[in-house]
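Structure below; questions to follow.
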Amino acid sequence: MSDKTEVLNPETAGMGRRRFINTAAIAGLTVGIAACNDKPAAAPATTPAAPAAPAAKGGANVHLKPGELDTYYGLWSGGHTGDMRVLGLPSGREIHRIPCFVPDALVGWGVTNESKKVMGTKADGNLRYTVADTHHTHASYKDGNYDGRYAWINDKINSRIARIRLDYFVCDKITQLPNVQGFHGIFPDKRDPVDAAINYTTRVFCGGEFSIPLPNAPIEDHTKYRSLFSCVDAETMEVRWQVLIDGNCDLVATSFDGKLAATNQYNTEMGAKYEDMMSAERDACLFYNVARIEAAVKAGKFKTIGASKVPVVDGTHEANKDPKTSLVAYVSVPKNPHGVNASPDQKYFICAGKLSPTVTTIELAKVLDWFDGKLENLDDAIVAEVEVGLGPLHTAFDGRGNAYTTLFLDSQIVKWNVEAAIKFHAGDKSAKYVVDRLDVHYQPGHINASQSETIAADGKYLAVGCKFSKDRFLPVGPLHPENEQLIDISGDKMVLLADHPVRGEPHDFIIFKRDLVKPKQVYSLDDFPLAIKDSKESGVFRNGKKVTVKMTSLAPAFSLREFKVKKGDEVTLILTNLDKIEDLTHGFAIPNYNVNFIVNPLETASVTFIADQPGVFWCYCTHFCHALHLEMRSRMIVEA
């Protein structure tokens, strides 16, 4: 085999592939690893790395025939594009992008009045924010499984959470969290913990990563900074309450009984520089007693911060030492943990160490026992803390008792058995908890499996997001795509099925069976208060300098072939698509006026602009719709 072939296929090159790993990342992070281990961090009971295999030699076929539909949906964060991506799996085909936080030129998100209302505007009518950093996406639950109602996604930069309606796959609400910077992890509850009869999502929990002065002010003493953990109402999207805490929130998870929410915390040292943030050998995984917090808020045992009216309860370590009154439990875990995930058997949370080669398994029943005064030492809730490899980050599950954790520094996925790890931790050193390893390319971060954090985890597919692609794709200059890989986990050995280049920088994702969501293919006119239900209602309606233009589209024509306004008019154009045929979308663009948007079948959208340029402007359909698509136009005549 030539050297060139070995470079292009490092999975065949044995330990030579380590030359491809980002050595700068290793140098930076192994400082912390060395601090918590005096010996090499090699997990016991390891097995050789499983080679990647094409579908023909094992594993499912990801190449669907024309007309075949994928069996799973995947909802991915879009990263800096500020949207949510919808994928079909196992093909990995990108089906749709749902704009949320950032303007989108295709659909007119951030152009139409309706989308601006969702996104939020300043007093001058311009968008408040035009950048975002989406990280985590999760969906609503019922009876422990996804119910196809909603999905949520966060914007880390501006501390916003967006809700996606899964009947139309559109964003319908965005909320900004008060007094929070670096909003990172999110997770919905899986049932209402207060009302036992409500077995579906009513809350979404949100982690505040960066500690700041509260209220924010130019204070240099970072020891006075704090973070907040927030709860958002799933229906109203209003912030219900917040918890003042120590440390920086990373990821979030919830228990299946609805009683506990959790976040893994790094920087419990409350440092302002990275060397201070990693000085302690252990940090924490925080567990929030949701019912107690709700009761405290109801009893008025809270304060507010700054101009915000949101109730804030005290969840700091110092204020929560008595388990019988505690709102928050601090479970000690090593070191700068990155990721907390709930096992589908409803028993455990897995917290990965990042700067420790370990994963920590926490038994939820014992955390509840501590809250009830039945467990004296909270550390006894830790039932396993075992080594798996270098740089463990996130964990997924197959529903058969196995966990799959990404190893950022080793560029691997490690498959390990939770019950075997518990036995090993308890003293049975013959327990072989590491089941398999698979090289991935390279520096894997987030990971998820089909139905992973539901009671219906099926152990079919696993996806991993790799932060570096290096040699995997055609070079396109200095900015490389990221590499998302699909893996078959249905057998004893993991089998790499496919590589997919993606534009950076996506983060988290979920995968669920396609029959759990029933999206509608055509809108209802009744969904839109401004809908023009009959083309005869079209026309130009003047109220002083404010002009409303009502128009419909019905292939291949707009109801108004032309319309006149005057220079200086504030024009609001309302367009309804009266086509009822699935997939018959129309666009509407006005040259030189920064107007371009679409209306799907039976959808209504509107735009408002100042007619400040006199002349003739051909308004045309931008979305191919008909054999006479090029002829589908209207004239806007702006009179001087």
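The values are calculated or read from the model by the stated rules, or taken from the named source; none is laboratory data. None of the values given here were measured: they were computed from a predicted structure. For neighbour counting, all protein chains shown are included, and Cβ atoms are generated from backbone atoms with ideal geometry for every residue, glycine included. Remember, those area values only see protein heavy atoms, side chains included, never the ligands or the DNA or RNA. Shrake-Rupley method; radii C 1.70, N 1.55, O 1.52, S 1.80 Å.
Return the only residue of ALA253, ALA284, ALA262 being within 30 Å of ALA396 (Cα to Cα), at pLDDT below 95 and crowded, with 19+ Cβ neighbours inside 10 Å.
On the way: ALA253 fails: at pLDDT below 95; ALA262 fails: at pLDDT below 95.
The conditions single out ALA284.
Across the range 367-413, which residue is farthest from PHE424 (Cα to Cα) among those that are open to solvent by 10 Å² or more (accessible area, probe 1.4 Å) and within 23 Å of the chain's Cα centre (by Cα)?
This residue is PHE408.
Only residues that are crowded, with 21+ Cβ neighbours inside 10 Å and of a type in the set (Ser, Thr, Tyr): list them for the range 287-325, please.
Across the range 287-325, the qualifying residue is only TYR288.
Keeping to the range 568-617, report how many residues are within 19 Å of ALA531 (Cβ to Cβ), in a loop (DSSP other than H, G, I, E, B) and in contact (Cβ under 8 Å) with a residue 60 or more places away in the chain.
The total comes to 5.
May I pose another question? Would you call PRO193 of a type outside the set (Phe, Trp, Tyr), open to solvent by 10 Å² or more (accessible area, probe 1.4 Å) and at pLDDT below 95?
Numbers: of a type outside the set (Phe, Trp, Tyr): yes; open to solvent by 10 Å² or more (accessible area, probe 1.4 Å): yes; at pLDDT below 95: yes.
Yes; evaluated as a whole, the condition is true for this residue.
Being in contact with a Gly (Cβ under 8 Å, 6 or more places away or on another chain), within 20 Å of LEU251 (Cα to Cα) and without any contact (Cβ under 8 Å) to a residue 60 or more places away in the chain narrows it down to one residue among THR406, THR360; which is it?
Answer to the check: THR406.
Using the structure shown, decide if ASN577 is under 20 Å from CYS625 (Cα atoms) and open to solvent by less than 20 Å² (accessible area, probe 1.4 Å). Show your work before the answer.
Numbers: under 20 Å from CYS625 (Cα atoms): yes; open to solvent by less than 20 Å² (accessible area, probe 1.4 Å): yes.
It is true that ASN577 is under 20 Å from CYS625 (Cα atoms) and open to solvent by less than 20 Å² (accessible area, probe 1.4 Å).
Can you give me the number of residues within the range 327-362 that are at negative phi and either open to solvent by 10 Å² or more (accessible area, probe 1.4 Å) or assigned to a strand (DSSP E or B) (or both)?
Qualifying residue count, the range 327-362: 25.
Being buried (at least 19 other Cβ atoms within 10 Å of the Cβ) and either assigned to a loop (DSSP other than H, G, I, E, B) or free of Cβ contacts under 8 Å to residues at least 24 places away in the same chain (or both) is the filter here; which residues of the range 116-128 pass it?
Within the range 116-128, just LYS116 meets the criteria.
Can you tell me which residue within the range 527-540, out of those that are at pLDDT 95 or above and part of a helix (DSSP H, G or I), is farthest from the chain's Cα centre (by Cα)?
Here the answer is LYS536.
Does the range 214-251 hold any residues that are among the hydrophobic types (A, V, I, L, M, F, W, C) and more than 20 Å from the chain's Cα centre (by Cα), and which are they? Write out each step before concluding.
As a first pass, look at the range 214-251 and keep what is among the hydrophobic types (A, V, I, L, M, F, W, C): 214, 217, 219, 228-229, 231-232, 234, 237, 239, 241, 243-245, 249, 251.
If the condition is that a residue be among the hydrophobic types (A, V, I, L, M, F, W, C) and more than 20 Å from the chain's Cα centre (by Cα), then LEU214, ALA217, ILE219, TRP241, VAL243, LEU244, ILE245 are the ones that fit.
Evaluate the range 421-429: report whether one residue or more is part of a strand (DSSP E or B), out of contact with any Asp or Glu (no Cβ under 9 Å at 6 or more places or on another chain) and either over 21 Å from VAL333 (Cβ atoms) or touching a residue at least 24 places away in the same chain (Cβ under 8 Å) (or both).
Taking every residue of the range 421-429 in turn, none turns out to be part of a strand (DSSP E or B), out of contact with any Asp or Glu (no Cβ under 9 Å at 6 or more places or on another chain) and either over 21 Å from VAL333 (Cβ atoms) or touching a residue at least 24 places away in the same chain (Cβ under 8 Å) (or both).
Further, regarding this structure: Mind checking which residues of the range 479-518 are without any contact (Cβ under 8 Å) to a residue 40 or more places away in the chain, under 21 Å from GLY445 (Cα atoms) and not in a strand (DSSP E or B)?
Once the filter is applied, which keeps residues that are without any contact (Cβ under 8 Å) to a residue 40 or more places away in the chain, under 21 Å from GLY445 (Cα atoms) and not in a strand (DSSP E or B), the range 479-518 yields LEU479, HIS480, PRO481.
Is one or more of the residues making up the range 164-186 within 18 Å of ARG97 (Cβ to Cβ), surrounded by fewer than 24 Cβ atoms within 10 Å (Cβ to Cβ) and either basic (Lys, Arg) or modelled with pLDDT under 95 (or both)?
Yes, some residue in the range 164-186 is within 18 Å of ARG97 (Cβ to Cβ), surrounded by fewer than 24 Cβ atoms within 10 Å (Cβ to Cβ) and either basic (Lys, Arg) or modelled with pLDDT under 95 (or both).
Is it the case, given these coordinates, that ALA217 is in a loop (DSSP other than H, G, I, E, B) and within 27 Å of TYR348 (Cβ to Cβ)?
It is false that ALA217 is in a loop (DSSP other than H, G, I, E, B) and within 27 Å of TYR348 (Cβ to Cβ).
Give me a count of the residues in the range 57-95 that are more than 17 Å from LYS513 (Cα to Cα) and part of a strand (DSSP E or B).
3
Just wondering, is there one or more residues in the range 467-479 that are open to solvent by less than 80 Å² (accessible area, probe 1.4 Å), of a type in the set (Gly, Ala, Ser) and touching a strand residue (DSSP E or B) at 6+ places or on another chain (Cβ under 8 Å)?
yes
Something else now. Which ones in the range 263-288 are among the small types (Gly, Ala, Ser), farther than 20 Å from PRO213 by Cβ and touching a residue at least 40 places away in the same chain (Cβ under 8 Å)? If you could, list the steps in order and put the result at the bottom.
Taking the range 263-288 first, the residues among the small types (Gly, Ala, Ser) are 271-272, 279-280, 284.
Pick out the ones that are also farther than 20 Å from PRO213 by Cβ and you get 279-280, 284.
If the condition is that a residue be among the small types (Gly, Ala, Ser), farther than 20 Å from PRO213 by Cβ and touching a residue at least 40 places away in the same chain (Cβ under 8 Å), then ALA280, ALA284 are the ones that fit.
Additional query: Using the structure shown, decide if ALA457 is touching a Gly at 6+ places or on another chain (Cβ under 8 Å), open to solvent by less than 30 Å² (accessible area, probe 1.4 Å), in a strand (DSSP E or B) and in contact (Cβ under 8 Å) with a residue 24 or more places away in the chain.
It is false that ALA457 is touching a Gly at 6+ places or on another chain (Cβ under 8 Å), open to solvent by less than 30 Å² (accessible area, probe 1.4 Å), in a strand (DSSP E or B) and in contact (Cβ under 8 Å) with a residue 24 or more places away in the chain.
Consider only pairs whose beta carbons are under 6 Å apart and that are at least six residues apart or on different chains; among these, list those whose first residue lies in the range 178-201 and is of a type in the set (Ser, Thr, Tyr) and whose second residue is not in a loop (DSSP other than H, G, I, E, B).
TYR200/LYS142; THR201/SER140; THR201/TYR141; THR201/PRO188
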